[in-house]
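Chemist: Here's a structure for you.
The values are calculated or read from the model by the stated rules, or taken from the named source; none is laboratory data. None of the values given here were measured: they were computed from a predicted structure. A quick note on method: Cβ atoms are made from the backbone with ideal geometry, for glycine too, and the neighbour counts reach across all protein chains shown.
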Amino acid sequence: MKPETTFVKHDASFEKGTAPTRAAVPSPKRRGAAARRALTPYLFVLPALVYMAGLLAYPMVLNVLTSFKDVTAVNLLSGDGQWVGLENYRQALGDSQFVDAAVHSVVYALAAVALQLLIGLALALFYVRSFPGATATRSLYLIGYAIPIVVSAEVFRWLLDGRTGFVNWVFSLLGLQHEPVYWLADRTWALPAIIGIQVWLGIPFAMVTLLAGLTAIPHSLHEAAQIDGATGWRRFRHITVPLLRPTFLAAAILSLIFTFKNFDLIWIATQGGPANASEVLPTLAYKLVFLQFLFGKGAAVLNVIFLVLLVLSLLYLAALRREEDHAA
Amino acid sequence: MNWTCRAVAAIAALSALTACGSGGSGGDTTKQDQGGSDKVTITWWDYFGYSPQSDAAVNALIKKYEDSHPGVDIQRTAIGFADFRTKLLQAAATGKFPDIAAIDNSDVPVFASQGALADLTSKMSTWASKDKYLDFVIKSVQYDNKFYGVPFRSNTTALWYNKDLFKAAGLSTPPQNWDELRADAKKLTDSKHSGICFSAAPTEEGTFTFLPMIWQAGGDVPTLGDQASVDALTYVDALVNKDKSAPKSVLQWGQSDVGDQFGSGLCAMMFNGPWVLGSVEKGKFEWDVSPWPAGKGGTASPLGGEVWAVGKNANVDAVWKLTDWLADPANSRTEISEGLSSIPNRKDTLDDPAWLWHPMVKAFAQQMPSARPRGAYGPKYAQISEVVWTMEQQVLSGAKSPQDAAAEAKGKIQPLLGSS
């Protein structure tokens with residue numbers, strides 16, 4: 001939006017400067033020039049529009065269309081995937097596998113994001129003070145963030161192994177465990193274990209974002225409150241919390257989006273198993289489309305994911321706007 | 001991958017709108033070369049680029065053929081294994097199936113039922129080499145009583161065992177039947193070692209490993225739900241949950257994970273194919289391979305490997321000459337056997353010492369005649385595979401009893417069988 005307004009302004013000043021000579025009678029030539037000028041901003045936006053239409057809108061529309069057809073490997077060639085209306089959705093929503101995956105997705109995203117924000121906030125509050133080694137140790141957290149998910153997921157597979165895993169070794173050393181737990185191969189523990197890994201993956205992002213938010217709170221506010229006799233808790237409650245809220249909200253929504261659509265971690269760690277205990281919507285969609293070639297049903301699941309992400313993105317935009325309004 | 005990326009990738013696969021697949025196109029296979037004489041171009045797709053050794057073997061075959069057939073130009077496209085099927089489906093959907101492609105033998109019905117492949121029945125029925133191949137190998141290139149492929153290379157799975165651990169446990173020979181396997185596995189299990197390891201992952205790798213146990217129990221996919229399938233489920237359940245001879249991790253292990261575990265000496269036995277040889281040879285212990293222990297229904301193993309699929313727009317005569325040439329061991333033995341780590345699949349090569357590119361080949365060759373093709377279950381094999389692995393996972397994770405899991409699978413499998 002901003003670039004457009006600049007263009008208009010620029011155009012207006014140009015107009016003013018040249019107006020006396022050209023404004024009298026709008027000759028055809030002049031009208032052409034005006035039209036061209038009116039068109040110019042749109043031409044500048046055109047490449048972006050073409051890009052969005054080709055790479056975003058087209059596949060999205062196609063995905064929606066596919067989700068209304070019975071497209072499988074068998075009829076992909078003939079193109080006579082029958083129009084089945086909402087049948088794919090009805091099938092998907094009535095399928096216990098889909099319902100389970102949807103529940104797992106929601107539990108996984110909410111639990112992981114809540115935990116990583118809580119721990120991220122605690123760490124941010126800790127690191128906002130300056131103490132020797134603060135910067136150095138703080139940047140260490142980013143290493144975890146920089147490691148590709150494929151690598152961390154593999155590492156966690158080893159750490160959580162039932163027989164040779166480090167986690168079990170620690171637990172048994174502490175006397176907390178008598179029977180080895182096969183974290184990722186256990187029906188009860190697979191999803192919690194995945195949530196645990198996701199929390200580890202998400203903490204650096206939460207911490208860095210919240211730390212930036214905390215640093216932006218003017219120090220003078222805290223000082224003034226301190227002079228007025230406000231205790232640490234009251235300062236946190238009445239200065240930090242309200243001023244950090246926009247950042248917190250943004251971090252929460254962004255993390256929710258990242259987590260809800262996460263595929264690599266779960267696919268590498270458990271592939272949705274055992275017996276679908278850690279199946280989430282993205283892994284289910286992948287299995288439907290790429291392993292079973294049920295393109296229509298897979299597209300329906302993808303569209304459900306898309307809808308959730310769309311709502312979350314709109315929430316994020318709304319939060320951003322409100323923040324901007326506050327700032328203005 | 002972020003959402004848009006994945007969406008775009010997924011959609012591209014759905015709609016076949018990308019132009020990623022370069023080069024390969026069927027259709028017009030003849031082009032004029034500069035000399036004015038006709039030169040036949042054959043487009044060739046495979047996924048053997050996974051290792052330098054296999055890649056070189058395929059290139060050597062192509063070069064040999066081109067050198068001895070100056071009128072032929074083969075244009076090879078090596079595609080990553082993970083993308084191969086998707087790319088082929090895309091190519092099939094847009095009528096650009098390559099002239100020949102080395103496809104997994106279980107995929108023949110998928111492509112044949114789509115009408116993407118050339119019907120080779122007239123060529124195959126009079127082919128002199130046809131009867132040299134093992135019956136199941138020939139069956140794997142058939143769909144609807146017609147031939148849609150030419151045998152290429154095969155492999156299968158068998159029982160690998162760690163001789164050092166066997167000696168330590170006082171065992172001298174590998175188990176010959178299910179009872180011995182269970183007893184030996186129990187004996188070989190201690191706090192550090194698992195008696196037996198195998199893949200029971202929620203993917204085709206899990207199904208590939210469990211199907212032979214259903215067959216060995218005397219069952220089959222169309223009759224899932226019967227006593228034999230319950231027996232097979234009860235048996236693996238006993239290995240994992242009762243005896244704890246196999247770690248529960250099998251639920252998330254693919255075949256290469258199992259190979260790594262065996263190679264690092266943590267598993268005394270495993271069910272796996274020759275493709276994990278690399279991981280096993282890293283181990284510092286003596287090992288050997290033996291055929292699968294027999295169940296009530298005898299021994300059985302899954303047929304792995306690729307067959308040649310010919311695109312329906314291809315110049316069938318030119319391609320047939322090529323596949324016929326490739327099938328002759330005199331032309332391709334070294335490349336197919338050692339180069340692609342294959343197991344002999346012809347009656348005349350099973351006992352051929354020249355095929356013993358590694359001592360372990362002997363046991364696999366012994367297993368080979370009982371290797372069954374999965375393509376026999378029709379074009380919906382991918383969905384059938386899901387039913388099988390889900391059934392096994394439900395039992396091993398304790399979600400369902402063998403009876404309940406088999407009964408549920410029975411209900412799901414019936415509509416998936418058949419030819420459409």
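Chemist: Looking at segment A:266-310 only, could you name the residues that are in contact with a Leu (Cβ under 8 Å, 6 or more places away or on another chain), buried (at least 24 other Cβ atoms within 10 Å of the Cβ) and more than 10 Å from chain B (Cβ to nearest Cβ)?
Modeler: A:K297, A:V301
Chemist: Residue by residue through segment A:118-136, note down the ones that are outside any loop (DSSP other than H, G, I, E, B) and touching a helix residue (DSSP H, G or I) at 6+ places or on another chain (Cβ under 8 Å).
Modeler: Keep residues of segment A:118-136 that are outside any loop (DSSP other than H, G, I, E, B), which gives A:118-127, A:134-136.
Hits for segment A:118-136 are A:I119, A:G120, A:L121, A:L123, A:A124, A:L125, A:Y127, A:A134.
Chemist: Return the residues of segment B:389-404 that are within 14 Å of B:T207 (Cβ to Cβ) and either under 23 Å from the mean Cα position of the chain (by Cα) or among the aliphatic types (A, V, I, L, M) (or both); say none if nothing qualifies.
Modeler: Once the filter is applied, which keeps residues that are within 14 Å of B:T207 (Cβ to Cβ) and either under 23 Å from the mean Cα position of the chain (by Cα) or among the aliphatic types (A, V, I, L, M) (or both), segment B:389-404 yields B:W389, B:T390, B:M391, B:E392, B:Q393, B:V395, B:L396.
Chemist: Cβ-Cβ below 8 Å, separation at least six or inter-chain, first residue in segment B:397-408 and on the phi < 0 side of the Ramachandran plot and among the basic types (K, R), second in a loop (DSSP other than H, G, I, E, B) and at pLDDT 95 or above: which pairs?
Modeler: Filtered contacts from segment B:397-408: no entries.
Chemist: Just one of B:A371, B:A376 is crowded, with 24+ Cβ neighbours inside 10 Å, more than 10 Å from chain A (Cβ to nearest Cβ) and either within 16 Å of B:L211 (Cα to Cα) or out of contact with any Cys (no Cβ under 7 Å at 6 or more places or on another chain) (or both); which is it?
Modeler: Working: B:A376 fails: crowded, with 24+ Cβ neighbours inside 10 Å.
Selected residue: B:A371, the only one of B:A371, B:A376 that is crowded, with 24+ Cβ neighbours inside 10 Å, more than 10 Å from chain A (Cβ to nearest Cβ) and either within 16 Å of B:L211 (Cα to Cα) or out of contact with any Cys (no Cβ under 7 Å at 6 or more places or on another chain) (or both).
Chemist: Restricting attention to segment B:247-303, report how many residues are within 14 Å of chain A (Cβ to nearest Cβ) and of a type in the set (D, E, K, R).
Modeler: So the answer is 3.
Chemist: Would you be able to say whether some residue in segment A:120-131 is at pLDDT 85 or above, surrounded by fewer than 19 Cβ atoms within 10 Å (Cβ to Cβ) and of a type in the set (G, A, S)?
Modeler: Yes; the residues of segment A:120-131 include at least one that is at pLDDT 85 or above, surrounded by fewer than 19 Cβ atoms within 10 Å (Cβ to Cβ) and of a type in the set (G, A, S).
Chemist: Please find, among B:G218, B:G259, the residue that is more than 22 Å from B:Q383 (Cβ to Cβ), modelled with pLDDT of 95 or more and in a loop (DSSP other than H, G, I, E, B).
Modeler: Checking each option against the conditions leaves just B:G218.
Chemist: Still on this model: Filter the helices (runs of 4 or more DSSP H) completely within segment A:1-115 down to those with at least 1 residues that are of a type in the set (S, T, Y) and either modelled with pLDDT of 85 or more or more than 29 Å from A:F306 (Cα to Cα) (or both). Before the answer, list the steps.
Modeler: Values: elements: A:2-22, A:28-52, A:58-67, A:73-76, A:87-94.
By residue number, A:2-22, A:28-52, A:58-67, A:87-94.
Chemist: I've got another one for you. A:G165 - would you say it is buried (at least 19 other Cβ atoms within 10 Å of the Cβ) and in the same structural domain as A:L125 (by TED's automatic domain parsing)?
Modeler: yes
Chemist: Could you go through segment A:174-186 and let me know if any residue there is in the same structural domain as A:A112 (by TED's automatic domain parsing), touching a residue at least 24 places away in the same chain (Cβ under 8 Å) and not in a helix (DSSP H, G or I).
Modeler: Yes, the conditions are met somewhere in segment A:174-186.
Chemist: Go through (1) more than 18 Å from B:A228 (Cβ to Cβ); (2) part of a helix (DSSP H, G or I); (3) more than 8 Å from chain A (Cβ to nearest Cβ) for B:G418 and report which single condition fails.
Modeler: Answer for B:G418: the failing condition is (2).
Chemist: Can you tell which of B:Y143, B:Y148 is touching an Asp or Glu at 6+ places or on another chain (Cβ under 9 Å), over 30 Å from B:S279 (Cα atoms) and of a type in the set (S, T, Y)?
Modeler: B:Y148
Chemist: Taking the options B:A158, B:A93, B:A101, B:A116, name whichever one is away from every other protein chain (no Cβ under 14 Å), surrounded by 21 or more Cβ atoms within 10 Å (Cβ to Cβ) and more than 23 Å from B:P369 (Cβ to Cβ).
Modeler: Residue meeting the stated conditions: B:A101.
Chemist: Does segment B:327-338 contain at least one residue that is outside any helix (DSSP H, G or I) and at pLDDT 95 or above?
Modeler: No, segment B:327-338 contains no residue that is outside any helix (DSSP H, G or I) and at pLDDT 95 or above.
Chemist: Condition check: in contact (Cβ under 8 Å) with a residue 24 or more places away in the chain and in the same structural domain as A:V128 (by TED's automatic domain parsing). Does A:A225 satisfy that?
Modeler: Considered against the rule, which asks whether it is in contact (Cβ under 8 Å) with a residue 24 or more places away in the chain and in the same structural domain as A:V128 (by TED's automatic domain parsing), A:A225 comes out as no.
Chemist: Can you name the number of the only condition in (1) more than 26 Å from A:K69 (Cα to Cα); (2) at the interface with chain B (Cβ under 8 Å from one of its Cβ atoms) that A:R245 fails?
Modeler: Against the list (1) more than 26 Å from A:K69 (Cα to Cα); (2) at the interface with chain B (Cβ under 8 Å from one of its Cβ atoms), A:R245 comes up short only on (2).
Chemist: On to the next question. Say we look at segment B:325-343 and pick out the residues that are touching a strand residue (DSSP E or B) at 6+ places or on another chain (Cβ under 8 Å) and not β-branched (V, I, T); which of these is surrounded by the most Cβ atoms within 10 Å (Cβ to Cβ)?
Modeler: Among those residues, the one meeting the criterion is B:S342.
Okay, residues lined up against (1) farther than 27 Å from B:S337 by Cα; (2) surrounded by fewer than 23 Cβ atoms within 10 Å (Cβ to Cβ); (3) out of contact with any Pro (no Cβ under 7 Å at 6 or more places or on another chain):
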| residue | (1), (2), (3) |
| --- | --- |
| B:L224 | yes, no, yes |
| B:L233 | yes, no, no |
| B:S245 | yes, no, yes |
| B:K248 | yes, no, yes |
| B:D260 | no, yes, yes |
| B:M270 | no, no, yes |
| B:S279 | no, yes, yes |
| B:F285 | no, yes, yes |
| B:S290 | no, yes, no |
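Chemist: Report whether or not B:G206 is more than 18 Å from A:T164 (Cα to Cα), in a helix (DSSP H, G or I) and without any contact (Cβ under 8 Å) to a residue 60 or more places away in the chain.
Modeler: Answer is no for this residue.
Chemist: Name the residue that is surrounded by the fewest Cβ atoms within 10 Å (Cβ to Cβ), counting only residues in segment A:153-162 that are in a helix (DSSP H, G or I) and in contact (Cβ under 8 Å) with a residue 24 or more places away in the chain.
Modeler: A:E154
Chemist: Given the condition more than 30 Å from A:R235 (Cα to Cα) and under 24 Å from the mean Cα position of the chain (by Cα), answer yes or no: does some residue in segment A:169-189 qualify?
Modeler: Scanning segment A:169-189 turns up no residue that is more than 30 Å from A:R235 (Cα to Cα) and under 24 Å from the mean Cα position of the chain (by Cα).
Chemist: Test of understanding: among B:L211, B:L188, which residue is hydrophobic (A, V, I, L, M, F, W, C) and over 23 Å from A:A275 (Cβ atoms)?
Modeler: Result: B:L188 is the single residue among B:L211, B:L188 that is hydrophobic (A, V, I, L, M, F, W, C) and over 23 Å from A:A275 (Cβ atoms).
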